[in-house]
Amino acid sequence: MSDNWIWDRSGEPDAAAERLERLLSTLAYQPSPRAHIPWKKIAAVAACVAVIACGAWWWRMHGRSEWKLLVGASPARSLYTGQVLHVSAPAVLHSDEIGEVEVRPGSELRVRQTRLGLLRGSIHATIWAPPRQFVVETPAARAVDLGCQYTLLVDANGDGLLQVETGWVAFEHGGRESFIPAGAECRTSKQNGPGLPYFQAASPDFRKAVEQYERNRSAPALVPLLEAARSSDGLTLWHLLSRTNGTRRAAVFDRFAQLVPLPAGVARDDVLRLRPQAIDA
Amino acid sequence: MNAIMNAVAVTPDSDETALVARAVAGSRSAFGELYNKYAHTIHGIMLARVPFRDANDLVQDVFLCAMERLRELRNEAAFGAWLAAIARSRAIDYHRGKRRWAPLTNAVEPACKPVPAQALAVLDIIKTLPEAYRETLILRFVEGMTGPEIAARTGLTPDSVRVNLFRGLKLLREKLGDELAI
């Protein structure tokens, strides 16, 4: 080995080390060729806008985001992919192609090209993009818009609550999914991912039973949940089918069938086996 | 932090010291120049400790943290060592689960260009080496820094870097065997 070349690239190249460097250099740090950090702009905006804290950081890693930032009567500001916003006053993110997101004070989020990451705080989204175009990542789950208007809150622990006003939202994490329609809400935790959705108009007894079941998911906790369920709670029971097994799943199905007429052609056995055509019916 | 700075040799670069002083005084363009100078170093330090896919994002975190804590810097000539210490601390936080963000999937927005599988395989082997060796090897062979540059940017003495580099390379060669014939 040519020690000088390995040390400071002087002298005759060392063939093997050169080979190694050629291979490993593909992993080197590579900001976008267009990347520059608009430092003066950061300082100027930080000085005059209450929304964004001095620690905010714009990166033109992959170009501009689809989102523009609106604060009060100020002109809309472009945002860049990777930018982190610390919001201390009401703000709105707007995209002609996607929709509008109101960001509440105390929120912290990261902007991507079309997606957002909500670390903590609260947003209210009105989305007109086609389904699945708009995604919000939180520490506990990913909210996938299916054509809707909703509010998403994330607390300091990274746990969340999604409340849907119109349309549907899919809440996903680690293979677990919850589908939340208009008038329903769903909690999510970093530990367990999306919980059971339920309608906001559900009875207090039912909501309490859902909360207790989510805490320990035991067979005894399932009993009051099933007893308190009404026909309007089919959404929750439907989700429970795939989150229980054996006799518990059978108990959930039997209660579901008492409250909600099954579609024609759907057999009990098919549902208990979670056959897609039965579940999706 | 002060103990770390006292334990390493510092070769003051008067131009850089002036740059750091301007950054501490609030010059964003000066901080930008420091970013340009140190981004590869921080990426290399991260790469030695965290998964490849997360290293880029963590580089951002480190500079954000440094920007917020610049006023704590006591010795402007030791900026590199101070920044490197922030990076290593951030890597520890990452493994303690203090990651700020659930990873944004890249179905729509690829985060980085594809890299050769063999490169990642060699990187995995480097990561099995002692920490001091792996960081130096990554800074030299991934980020393309020379030994003197590694010493200047991390605050280590050139002798320490030389030992890490050559001993690390020897160990790497033993682990790779004939695979790369190094």
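Run the Debye formula on the Cα coordinates of the stretch A:156-281, all scatterers equal and no solvent, and tell me log10 I(q)/I(0) at q = 0.09, 0.14, 0.19 1/Å. Debye intensities relative to I(0), on a log10 scale: -0.24, -0.59, -1.13.
I'd like the FRET efficiency for residue A:12 and residue B:175, computed as 1/(1 + (r/R0)^6) with the beta carbon distance as r and R0 of 30 Å, rounded to 0.05. Provide the component values of the computation, followed by the final result.
On the way: r = 25 Å, r/R0 = 0.85.
Given R0 = 30 Å and the Cβ-Cβ separation, E is 0.75.
Once backbone amide H atoms are built at 1.01 Å from N, residue A:120 has A:108 as its partners under 5 Å, excluding neighbours fewer than 5 places away on the same chain.
When only Cα pairs below 8 angstrom with a gap of at least 6 residues are kept, chain A shows a relative contact order of 8 percent. For the options A:229, A:221, A:143, a Gaussian network treatment of chain A with springs between C-alpha atoms closer than 10 Å singles out A:221 as fluctuating the most.
With a simple spin-label model that places each label point 7 Å from the Cα along the Cα-to-Cβ direction, the separation between residue A:214 and residue A:156 comes to 2.1 nm.
What does the structure give for A:103-112 when I average, per residue, the other chain Cβ atoms found within 10 Å of the residue Cβ? Could the numbers behind the result be given before it?
On the way: counts 0, 0, 0, 0, 0, 1, 1, 5, 0, 5.
Averaged over the peptide's residues, the number is 1.
For residue A:192 and residue A:227, the FRET efficiency from 1/(1 + (r/R0)^6), where r spans their Cβ atoms and R0 equals 22 Å, is about 0.40. Once both labels are modelled 7 Å past Cα along the beta-carbon direction, what's the residue B:93-residue B:71 spacing in nm? The two pseudo-label positions are separated by 1.8 nm.
Please compute the average number of Cβ atoms from other chains found within 10 Å of each residue's Cβ in peptide A:13-25.
Values: counts 0, 2, 2, 6, 6, 2, 3, 14, 4, 2, 10, 17, 5.
Whole-number average of other-chain Cβ neighbours for A:13-25 is 6.
Contact order, relative form, for the stretch A:159-241: 23 percent (alpha carbon pairs under 8 Å, 6 or more residues apart, mean separation divided by residue count).
Let me confirm one metric for peptide B:133-141, namely the mean number of other chain beta-carbon atoms within 10 Å of its residues' beta-carbons. Spell out each step's value before the answer.
Details: counts 0, 0, 0, 0, 2, 3, 0, 8, 11.
Averaged over the peptide's residues, the number is 3.
Counting charges near residue A:200 (Lys, Arg +1; Asp, Glu -1) among other residues having Cβ under 13 Å from its Cβ returns a value of -1. Shape analysis of chain A based on the Cα gyration tensor places the equivalent ellipsoid semi-axes at 46, 28, 16 Å, largest first. The distance separating the Cα centre of the stretch A:71-107 from that of the stretch B:118-182 comes to 44 Å.
Projecting label points 7 angstrom from Cα along Cα→Cβ for residue A:270 and residue B:36 puts them 6.7 nm apart.
None of the figures in this text is laboratory data; all of them are computed from the coordinates on show. Worth saying up front: this structure is predicted, and the values here are computed from it rather than measured. Methodologically, a virtual Cβ is constructed for each residue, glycine included, from the backbone with ideal geometry; neighbour enumeration extends over all protein chains shown.
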